[in-house]
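See below for the structure under consideration.
The values are calculated or read from the model by the stated rules, or taken from the named source; none is laboratory data. Because the structure is predicted, anything quoted here is derived from the model rather than measured. Don't worry about glycine lacking a Cβ; one is built from the backbone with ideal geometry, like all the others, and counts go over all protein chains shown. Side chains included, ligands, DNA and RNA excluded: accessible areas come from the protein's heavy atoms. Shrake-Rupley method; radii C 1.70, N 1.55, O 1.52, S 1.80 Å.
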Amino acid sequence: MHATLTTGAIDCDLHPAVPTIKALMPYLEEHWQDAFIARGIDHFNPMSYPPNAPLTCRPDWREPGVFPGSDFTALQKNALDAFGTRYAICNTVYGGQIATSETMGAAMCRAVNDWIRAEWLDRDHRLRASIVVPPQDPAAAVEEIERCAVDQRFVQIMLPVGVEMMLGRKFYWPIYEAAQRHNLPVGLHAGLMYRFAPTSTGWPSHYLQDYASITQTFEDQLLSLVSQGVFSKFEHLTVVLIESGVTWLPGFLWRAVKTWRGVRPEVPWVKESPAEIIRRHVRLTAQPIDAPAGGAQLGRIMDQIGSDDMLLFATDFPHWQFDGREVLPPGIPDRLVEKIMIENPLRTYTRLEGTFQ
C-alpha cells in the first residue's frame, strides 16, 4: 500500500520509548529521584523482550546504539512522514504499570505522562497520547486521569491486559467511571504485570509461547468485562484491544453467545447477546493482522466478525509485528479501507473530532 492511500490516516498504536531513567528524572519528585539514584536503577522497562530481540524492532527501523523507539526524529520520519499520518496515538509501555510498589508505580506513571507531553506532544502537532495509569491502585489511577484529562491531547487511558485480577471486577470500576466521564476509551495493551502466568496451565518456556498465548488473556478479560456487567453499568464506555490480533474474534464470539444462551440466568444484567455488546463497545487495532496469506481467508473473517466498525489502523511502530509499507494485508474489502484508516478511529477517539481536518 502506497503512502498516498494512508495520507490522513490515524495511527492508533505508536510506541515512543523512554531511553533511560535519566530522561524521566526532571519529571519525578525529588524523593523518587534520590531513590532511583541510590538504588542504582538505570532503566525501568518491563523487558518482555530484550532490546535486540527481533520482536522489539523491525530491522529497517533500527538505529545503531539507540533504544528502539526512543529517537524522536526517526519516529517522525518512519512512522509519521512515511505514511502521511494525520494523528498518531502514543502508547508508552513502561515499568510504572507493573511495579510491585503502588506508590512507585503511581510516581512512574505520572512522570511518563509528563515526559510524553513535554518531549513528544509539544514537539509535533500530529501526536496524541494515552494516559498511563497504575492498575495496582485504582484510586491513584483516577487521580492521574483527572490530572491529565484536561489536556485534550490525551485521548485514551492505557492498561496492560494482564493485570492482577479479572478486569470486570468492581475493583477496577472507578477507572471505567472516570473514563466514561471524560469520554476516554480504555486501551488494553498486550502485556502483563507478571503477577500470574499468561496461560491457565503455567509459565511458558519460550518467547514463541509467550507471544502466542497473550490471545488467551485478551479473551479472558473481554468475557470478564461483559459477564460482570461493566458495559451494562457504563453504557458509553469503549474498550480498545491493542495488539490482540484479530482472527480469534469470530470463534470467541460464537462460543460466548452459545454459552450465554445456556447460562444467562447466572448473569441477568447481560440482557443481550455478548456479540452485540462487544460489537458496540469494543474496538481492535488492525496490527498485527494474524490472518493466513492470500487474502480470501481474511475477507471471510471480516464477514464473520459481523461489523465494519471494529478495526482501527495502527503501525505498532517500531515493533517487528508491523508489516512495513504493506499497512493493510490483502483481503481487506475496499469499502473498509477508509473506515479502518480514518472513520473508525474518529468515532472511537472522539477527542480528535474538534481538531481533525
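Worth a mention:
- Residue in segment 215-226 that is closer than 18 Å to residue 90 by Cβ, touching a helix residue (DSSP H, G or I) at 6+ places or on another chain (Cβ under 6 Å) and surrounded by fewer than 21 Cβ atoms within 10 Å (Cβ to Cβ) present: no
- Listed conditions (1) open to solvent by 60 Å² or more (accessible area, probe 1.4 Å); (2) at pLDDT 80 or above are all met by residue 2, apart from (2).
- Residue in segment 10-22 that is part of a loop (DSSP other than H, G, I, E, B) and open to solvent by 60 Å² or more (accessible area, probe 1.4 Å) present: no
- Residue that is within 25 Å of residue 128 (Cα to Cα), among the aliphatic types (A, V, I, L, M) and out of contact with any helix residue (DSSP H, G or I) (no Cβ under 7 Å at 6 or more places or on another chain), where the choices are 80, 14, 24: 80
- If only residues of segment 239-270 that are within 30 Å of residue 300 (Cβ to Cβ) and touching a Ser or Thr at 6+ places or on another chain (Cβ under 6 Å) are counted, the one that is surrounded by the most Cβ atoms within 10 Å (Cβ to Cβ) is 242.
- For residue 355, the conditions (1) modelled with pLDDT of 90 or more; (2) of a type outside the set (Asp, Glu); (3) surrounded by fewer than 20 Cβ atoms within 10 Å (Cβ to Cβ) all hold with the exception of (1).
- Filtering 257, 337, 327 for residues that are in contact (Cβ under 8 Å) with a residue 60 or more places away in the chain and part of a helix (DSSP H, G or I) leaves a single hit, 337.
- Within segment 177-206, the residues that satisfy the criterion of being more than 30 Å from residue 351 (Cβ to Cβ) and in contact with a Pro (Cβ under 9 Å, 6 or more places away or on another chain) are 194, 197, 198, 204.
- Residue-level check: of (1) farther than 22 Å from residue 76 by Cα; (2) surrounded by fewer than 17 Cβ atoms within 10 Å (Cβ to Cβ), residue 60 misses just (1).
- Single condition residue 284 does not satisfy, out of (1) of a type in the set (A, V, I, L, M, F, W, C); (2) open to solvent by 80 Å² or more (accessible area, probe 1.4 Å); (3) within 24 Å of residue 349 (Cα to Cα): (2)
- Residue match in segment 198-212 (condition: open to solvent by 20 Å² or more (accessible area, probe 1.4 Å), closer than 21 Å to residue 310 by Cα and not β-branched (Val, Ile, Thr)): no
- Residue within segment 74-84 that is at positive phi and at pLDDT 90 or above present: yes
- Segment 179-206 residues that are under 27 Å from residue 12 (Cα atoms) and touching a residue at least 12 places away in the same chain (Cβ under 8 Å), paired with ones that are open to solvent by 70 Å² or more (accessible area, probe 1.4 Å) and in a loop (DSSP other than H, G, I, E, B) (beta carbon under 8 Å, 6 or more apart): 180/236; 183/236
- Residue within segment 34-52 that is open to solvent by less than 10 Å² (accessible area, probe 1.4 Å) and part of a loop (DSSP other than H, G, I, E, B) present: no
- Tally, over segment 216-254, of residues that are part of a loop (DSSP other than H, G, I, E, B) and more than 28 Å from residue 204 (Cα to Cα): 7
- Scan segment 113-143 for residues that are touching a Lys or Arg at 6+ places or on another chain (Cβ under 7 Å) and open to solvent by less than 10 Å² (accessible area, probe 1.4 Å) and the total you get is 2.
- Residue list for segment 79-90, filter: touching a residue at least 60 places away in the same chain (Cβ under 8 Å) and open to solvent by 10 Å² or more (accessible area, probe 1.4 Å): 82, 84, 86
- Among (1) of a type in the set (Gly, Ala, Ser); (2) open to solvent by less than 30 Å² (accessible area, probe 1.4 Å); (3) at pLDDT below 95; (4) more than 17 Å from the chain's Cα centre (by Cα) - the single one residue 168 does not satisfy: (3)
- Residue check, residue 93 open to solvent by 50 Å² or more (accessible area, probe 1.4 Å) and either assigned to a helix (DSSP H, G or I) or not acidic (Asp, Glu) (or both): yes
- Breaking point among (1) open to solvent by 10 Å² or more (accessible area, probe 1.4 Å); (2) outside any loop (DSSP other than H, G, I, E, B); (3) of a type in the set (Val, Ile, Thr), for residue 289: (2)
- Any hit, segment 97-107, residues being β-branched (Val, Ile, Thr) and in a loop (DSSP other than H, G, I, E, B): yes
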